[in-house]
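Below: one structure, written as structure tokens.
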């Protein structure tokens, strides 16, 4: 074949049974794209090792393919090769149409790892709230270089929390039209926070060491939560979140509330609602599925008041959640958290194991079979009992 096939066309060819013919053809670029489609299918079924092998083979055939650069970059990150993985991912993704809406076209030169001593840098957060919380970890390394000025454009919901933790940094609300202060010539460099990650990793002594907590909640709010709960006799408090709002992967990552009911049967524990987007009416409707009513913080809004939500999470003894913003917030403040993952989970959680270098307080529980949460709930129940017994001891 003489022309390069795009992903949509390759999927059509696959449906017609012609993908194998393309893979064994003579055109390297088409073969690479076809292998990429098969790798995506393998990855979505949970066969991440086989998917990774196919991506590496495809990349050898067509190393300039931006979709392969993006996919293989994330796959390498999944298997622990963060240095080349982040660099390759970043090299490919900005060439793709799907990432153009994410890119912030600031006029300053892109930071490529140069020394920041005495320099001014503008950083901009990207993607979802959980992603932005995860990306902020690189700020510590940047500040250690003693830059003259650091400014960050972030989601408005994170503004207060981040500003309280990093008073030496200027935080601006992310908007369609950037603040004029950010487009000026005072900055020597600009970078996405996630893009900056690949450079700041070189400054870490051991990138595989799990991250200690790097955000502190409002201690007065934390104490208030604990005092209220103690007055009501709740000695072991557990936060629950069961749904992801992601348009692309939310259904795969979310759990039916009814499936969580075995975890909520212990009368000695008080369970708290951490599910953003779930109001009082929905909680009332879910009582038959949960088997009990979750305690709700009616003074805050978990969807928008992340400052208060972070304090609530910090006050809890344990969090049990699917892969969403909740687990990132728990990790940043050091609250123990059981993370329930689907068979095909995001690259950041690796390919296996119960620990993650992203946050030291997280315990990962993975599906053994696509779509089945039975084993996950069973393991979560055992860990819940282990945590409660340890607390009581």
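The values are calculated or read from the model by the stated rules, or taken from the named source; none is laboratory data. Keep in mind the model is a prediction, meaning the values are calculated, not measured. Because the Cβ atoms are built from the backbone with ideal geometry, glycine has one as well, and the counts that use them run over all protein chains shown.
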query: If you take the residues of the stretch 244-262 that are within 14 Å of the chain's Cα centre (by Cα) and buried (at least 18 other Cβ atoms within 10 Å of the Cβ), which of them is farthest from residue 293 (Cα to Cα)?
result: 253
task: Tell me which residues, restricted to the stretch 140-169, are within 15 Å of residue 119 (Cβ to Cβ) and out of contact with any helix residue (DSSP H, G or I) (no Cβ under 8 Å at 6 or more places or on another chain).
output: 143, 146, 147, 148, 149
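I'd like the residue in the stretch 112-139 that is part of a helix (DSSP H, G or I) and closer than 11 Å to residue 195 by Cα and, out of all such residues, is farthest from the chain's Cα centre (by Cα). Outline the logic, then answer.
Let us first name the residues in the stretch 112-139 that are part of a helix (DSSP H, G or I), namely 129-139.
The next check asks that each one be closer than 11 Å to residue 195 by Cα; those that pass are 135, 138.
Details: 135: 9, 138: 14 Å.
The residue in question is 138.
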task: Output the residues belonging to the stretch 70-92 that are within 15 Å of residue 49 (Cβ to Cβ), at pLDDT 95 or above and over 16 Å from the mean Cα position of the chain (by Cα).
output: 71, 72
